[in-house]
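J.: Shown below is the structure under consideration.
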Amino acid sequence: MNEPRTRRELQRDETRQRIFAAAVEVFRRDGVEAARIEDIVAAAGVSRGSFYFHFPTKEDVLAAAYQDANARLVALVAAAPAEEPIVNLLRSVVADIAEVWTGDPVMFGHVGLHALRQVARTDPSGPRDPVRVALAERFDAAIRRNELSSPLPAELLADIFLLNAFTGLLAWSANPGLPLTPVLEGVVHLFLAGAARAP
């Protein structure tokens, strides 16, 4: 059973949320590189020390946004029925990604670049990204029930799918007049027709 949270913990969370929201606004306005900590703390009404307590760097703000988006996707995958056809699950995943990105395309452009930097720095022997783990489990289940046929392991299919989805996001960013959901549904179609073709 969870212990009730103390007033101090609640205040700390509220301060962190204020700093996060202020940082997002400054990032939207100035870009991440040009954003100044002074502007973020002024907008949040906190000290520099408070900023650094919660977010040691500006990159940590992007990491928090990335983790929130990941947690949302993991919850979506976990909530889907175990026998959900993989095509339906992937369409749900890309619909959620589209909703998040179109809700704040400038901020999530920065978050996407952060995600790419994280992938480049990831130690293959270290902990795996939770979205990749959740999708790999679903790909493995789809292969076992003969819904998919692929010579590739489920973990690699998850990586390929997520990288293709990100490529779709980049293509959409260069052509913002297009609606994002059909672009990402095209990614699902191409992925299932190629790397994980139906048997």
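Laboratory data are not the source of any read-out in this text; all were calculated from the coordinates shown. Quantities reported herein were computed from a predicted structural model and do not represent experimental measurements. No Cβ is skipped: glycine too gets one built from the backbone with ideal geometry, and neighbour counts run over all protein chains shown.
J.: Where does each of 68, 159, 60 land when they are ranked from fewest to most other beta-carbon atoms within 10 angstrom?
T.: If I rank by nearby Cβ atoms, fewest first, I get 68, 60, 159.
J.: Moving to a separate point now. How many nm separate the modelled label positions at residue 33 and residue 113, each set 7 Å beyond the Cα in the direction of the Cβ?
T.: 0.6
J.: How large is the Rg to Rh ratio of segment 58-193 when both quantities use alpha carbon positions and Rh follows Kirkwood?
T.: Computed over Cα atoms, the ratio is 0.95.
J.: Starting from the Cα-Cα distance between residue 171 and residue 75, subtract it from 0.36 nm times their residue separation and give me the gain in nm to one decimal.
T.: 31.9 nm
J.: List the relative contact order of the chain as a percent without decimals, with contacts defined as Cα pairs under 8 Å and 6+ residues apart. The partial results should precede the final answer.
T.: Values: 150 pairs, mean separation 37.9, N = 199.
It rounds to 19 percent for the chain.
J.: Same structure again: Taking the number of other C-beta atoms within 10 Å as the exposure measure, put 8, 138, 91 in order starting with the fewest.
T.: 8, 91, 138
J.: Pop the C-beta distance of residue 47 and residue 6 into the FRET formula with R0 = 22 Å and round what comes out to the nearest 0.05.
T.: 0.55
J.: Could you work out how far apart the two model spin labels at residue 149 and residue 83 are, taking each label as a point 7 Å from the Cα in the direction of the beta carbon, and quote it in nm?
T.: Output for this residue pair reads 2.3 nm.
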